[in-house]
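Q: Quick one: this structure, given as structure tokens, is what I'll be asking you about.
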Amino acid sequence: MTDRRRHHDMGGLEDGPVEIKEHASEPWEKRVDAVRSLLSDDKRNLLSVDELRRGIEDLGEGAYDRYNYYERWIAAIANILLQKNVLSVDELGRKMAE
């Protein structure tokens, strides 16, 4: 079996210190968190934490490295909703254009 890491798997690799600091969330980041919460609630049950994690891991190296934390979340959420036919590409495109 080949031991291949995916691009997001950085556990155990050498790197510098991790800077831990609090920061104020931007309004759009709070909205992304609210969307995730609503999609995961008992009423809708459209998204699980495991699906979100898989969606983030499947973004691809370029997107994963370029996007920040909440950008990864919203890209993964959009892809999952498209896969589940909750949204269509046309609907998503129209909303993004607005």
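Q: Name the pairs: first residue in region 71-89 and within 11 Å of residue 46 (Cα to Cα), second residue part of a loop (DSSP other than H, G, I, E, B), Cβ to Cβ under 6 Å, at least 6 apart or on different chains?
A: Here the result reads 81/87, each pair linking region 71-89 to a residue that is part of a loop (DSSP other than H, G, I, E, B).
Q: Among (1) in a helix (DSSP H, G or I); (2) surrounded by fewer than 15 Cβ atoms within 10 Å (Cβ to Cβ); (3) of a type outside the set (A, V, I, L, M, F, W, C); (4) without any contact (Cβ under 8 Å) to a residue 12 or more places away in the chain, there is one condition residue 33 misses while meeting the rest; what is its number?
A: So residue 33 meets the others, but not (4).
Q: Still on this structure, please answer the following. Inspect all residues belonging to region 51-72 and state whether any of them is modelled with pLDDT of 90 or more, part of a helix (DSSP H, G or I) and of a type in the set (Phe, Trp, Tyr).
A: Looking for residues that are modelled with pLDDT of 90 or more, part of a helix (DSSP H, G or I) and of a type in the set (Phe, Trp, Tyr), one finds at least one in region 51-72, hence yes.
Residues are listed down the side, and each one gets a yes or a no for (1) in contact with a strand residue (DSSP E or B) (Cβ under 8 Å, 6 or more places away or on another chain); (2) among the hydrophobic types (A, V, I, L, M, F, W, C); (3) modelled with pLDDT of 95 or more:
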{"position": "6", "(1), (2), (3)": "no, no, no"}
{"position": "13", "(1), (2), (3)": "no, yes, no"}
{"position": "23", "(1), (2), (3)": "no, no, no"}
{"position": "27", "(1), (2), (3)": "no, no, yes"}
{"position": "30", "(1), (2), (3)": "no, no, yes"}
{"position": "33", "(1), (2), (3)": "no, no, yes"}
{"position": "85", "(1), (2), (3)": "no, no, yes"}
{"position": "88", "(1), (2), (3)": "no, no, yes"}
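Q: Here's a follow-up. From the residues in region 48-86 that are closer than 23 Å to residue 24 by Cα and among the basic types (Lys, Arg), which one is surrounded by the most Cβ atoms within 10 Å (Cβ to Cβ)?
A: Filtering first and then ranking leaves 72.
Q: Please work out which one of (1) loosely packed, with under 14 Cβ neighbours inside 10 Å; (2) at pLDDT below 95 is the condition residue 38 fails and give its number.
A: Here residue 38 meets the rest and fails (2).
The values are calculated or read from the model by the stated rules, or taken from the named source; none is laboratory data. Quick caveat: nothing in here was measured; it's all calculated off a predicted structure. Using ideal geometry, Cβ is built from the backbone for each residue, glycine included, and neighbour counts are taken over all protein chains shown.
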